[in-house]
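Q: This structure is in structure tokens; I'll ask about it shortly.
The values are calculated or read from the model by the stated rules, or taken from the named source; none is laboratory data. It should be emphasised that the depicted structure is a prediction, and the values quoted were computed from it without experimental measurement. Here Cβ is always computed from backbone atoms with ideal geometry, including for glycine, and neighbour counts include all displayed protein chains. Surface accessibility is based on the protein's heavy atoms, side chains included, excluding ligands, DNA and RNA. Shrake-Rupley method; radii C 1.70, N 1.55, O 1.52, S 1.80 Å.
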Amino acid sequence: MTGGIACYKIAELTRLLTKAGATVQVVMTEAATQFITPVTMQALSGRPVYTSQWDGRVPNNMAHIDLSREADAIVIAPASTDFLAKLAHGFADDLLSTLCVARDCPLLVVPAMNRQMWQNPATQRNVAQLRADGIETLGPDSGPQACGEIGDGRMLEPEAIYEAIVSFFAPKVLAGRRLLITAGPTFEPLDPVRGITNRSSGKMGFALARAAQQAGAEVHLVAGPVALATPWGVYREDVQTAQQMYDAVMREVPDADVFIGVAAVADWRVDHVAAHKIKKTAEQRMPTFTFVENPDILASVAALPDPPYCVGFAAESGDLEVHGEEKRARKKVPLLIGNLGPLTFGRDDNEVVLFEAAGRTPLPRAAKAALAQTLVAEIARRLPDTSIIS
Ligand code: C5P
């Protein structure tokens, strides 16, 4: 940690990392300790915090060597303007800078500074140099800053830093692939205030989008109305209706190598959406609706002359074995992932069966995040090898 008001957010990042099972060794510059105390960071990381190169607590008295030798990566967060300059020039005049020069592990920096400091040509030169040296830069973000100004330089939020770190370590089985994913429910309006939707939470689709991004894919996520944060590095497009989802998918699909339809798309919409709220009247106590069929997005994509590799999802309320394979064959997709709807909607875990021409493969119940990583690996294994094509 280097000096900056964003230091307080690293308390949360430390908590996220330790909760996920990481060992976090905190090293702070003198300036960082002006913003948050080593005591706080020690309590959250569960390890003594180092701030000085003269600290005698490391057994051989060589904190600048030993601390990096046991690390899989060093993450500088927040990374101040001054520290980026030091790194770019290889300065080693305090514990943290010396540790970075002496490291034998990857280095990730998370810049946090005022927008003018970020835009300063010297800072930009230094960042370009760091990138050329193979140092990973995470962010910065854009938005309101502690100084009251608005612009680039704001540190990424702790959740985003956490996801970027996880992403850094994930095997890149989808490197160079472009994925188009639908997620969540759709909402079919009846009138300006009412509509028909379903119980899909979007969690499985978002988990897949996150896992695919972490595996190196470029991900375009078309999301129905859900209350979920956009996974780090994923491009998200929000839609409401099945028709809007269809339009977004058809626009993006020419660029996609893989299409995964996770969304629970409404099969029908009303033929006429009332312009005003439908009222109960003495004459008509109950409205009558006529439904028309929505386009089947997955089947339409699969029927394209040169379709991407298509993966469908099916949430059934029973008889998964029968419906899963039948649905896969009907929609003409190579892979369909079946689950029992009532046992997945809104939950954080899921149990699925893979259906393909060669047969079925059940996967054990797992957290959706872990399951998404397994599914990404399964999908990656089935993709045509582009190195052969090109
Ligand atoms: O037929 P069913 O709705 O159960 O099929 C589920 C699969 O088809 C999912 O992959 C879903 O995203 C996709 N689907 C679609 N467009 C629809 C209905 C379903 O893309 N109109």
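Q: Could you tell me the calculated FRET efficiency between LYS279 and GLU321, based on Cβ-Cβ distance and R0 = 56 angstrom, to the nearest 0.05? Show your work: numbers first, answer last.
A: Values: r = 47 Å, r/R0 = 0.84.
After rounding to 0.05, the efficiency reads 0.75.
Q: A follow-up question, please. What residue among GLU351, GLU293, GLU252 shows peak mean-square fluctuation when the chain is described by a Gaussian network model with Cα springs under 10 Å?
A: GLU293
Q: What longest range of the chain stays clear of loop-exposed chymotrypsin sites (Phe, Trp or Tyr not before Pro) (DSSP non-H/G/I/E/B, at most 16 other C-beta within 10 angstrom)?
A: Numbers: sites that count: TRP54, PHE91, PHE289.
Excluding the exposed sites themselves, the longest stretch runs over 92-288.
Q: Could you list log10 I(q)/I(0) for the chain at q = 0.08 Å⁻¹, which the Debye formula gives when each Cα is one point scatterer?
A: -0.55
Q: What net charge is computed for the residues neighbouring LEU95, neighbours being all others with C-beta under 10 Å from the C-beta of LEU95, Lys and Arg scored +1, Asp and Glu -1? Present the calculation step by step, with values, prior to reporting the outcome.
A: On the way: positive: none; negative: GLU30, ASP55, ASP93, ASP94.
Within the 10 Å Cβ shell, the charges total -4.
Q: Just read off the accessible area of ARG69 with the full protein assembly in place, 1.4 Å probe, to the nearest 10 Å².
A: Surface open to solvent at ARG69 totals about 110 Å².
Q: How do GLU378, GLU30, GLU149 rank by accessible surface area computed with a 1.4 Å probe, from largest to smallest? Walk me through the intermediate numbers first.
A: On the way: GLU378 35, GLU30 125, GLU149 70 Å².
Ranked from most to least accessible, the order is GLU30, GLU149, GLU378.
Q: A further question follows. Normalised by the number of residues in the chain, what is the relative contact order in percent for Cα pairs under 8 Å and 6+ residues apart? Each step should come with its number before you reach the end.
A: Details: 769 pairs, mean separation 41.5, N = 390.
Worked out over the chain, it gives 11 percent.
Q: Right, here's the next one. Which value in nm describes the separation of the simple spin-label points at THR40 and ASP267, placed 7 Å from the Cα toward the beta carbon?
A: 5.5
Q: Something else about it: As I understand it, the value is the acute angle between the Cα axis of helix 368-382 and the longest principal axis of the Cα atoms of the chain; what does it come to in degrees, rounded to 10?
A: On a 0 to 90 degree scale, this one is about 80.
Q: Sticking with this structure for a sec: First compute the accessible area of the chain with a 1.4 Å probe, then give the percent of it belonging to carbon and sulfur atoms.
A: Numbers: 10460 of 19360 Å².
Roughly 54 percent of what the probe reaches on the chain is carbon or sulfur.
Q: Give me the distance in nm between label points sitting 7 Å out from Cα along the Cα-to-Cβ direction at MET62 and ALA370, one decimal.
A: Reported label-point gap for MET62 and ALA370 is 3.9 nm.
Q: So how far apart, in nm, are the two label points at GLU293 and ASP385 if each is 7 Å from Cα heading toward Cβ?
A: About 4.1 nm, to one decimal.
Q: Would you calculate, for the chain, the mean residue ellipticity at 222 nm contributed by helices, counting each DSSP H stretch of 4 or more residues as -39,500 (n - 2.57) and dividing by all residues, to the nearest 500?
A: Details: 14 runs with 133 residues, N = 390.
Value at 222 nm, helices only, nearest 500: -10000 deg cm²/dmol.
Q: Could you state how much accessible area THR2 has, in square angstrom rounded to the nearest 10, with a 1.4 Å probe and all protein chains kept in place?
A: 0
Q: By accessible area of protein heavy atoms, probe 1.4 Å, what ranking do ILE150, ILE65, ILE161 get, highest first? Spell out each step's value before the answer.
A: Values: ILE150 125, ILE65 45, ILE161 0 Å².
My answer, sorted largest first, is ILE150, ILE65, ILE161.
Q: Using Cα atoms only, what is the angle between the long axis of helix 203-214 and the major principal axis of the chain, expressed in degrees (0 to 90) to the nearest 10?
A: Compared with the principal axis, the helix lies near 50 degrees.
Q: Excluding residues on the same chain fewer than 8 positions from LYS9, give the aspartates and glutamates whose Cα lies under 12 Å from its Cα.
A: Answer for LYS9, where 12 Å is the Cα cut-off: GLU157, GLU159, listed by chain and number.
Q: Given a Förster radius of 41 Å and the C-beta distance between ALA22 and ALA128 as r, what FRET efficiency does 1/(1 + (r/R0)^6) yield to the nearest 0.05? Mind showing how you got there, number by number?
A: Details: r = 30 Å, r/R0 = 0.72.
Once the sixth-power term is evaluated, E becomes 0.85.
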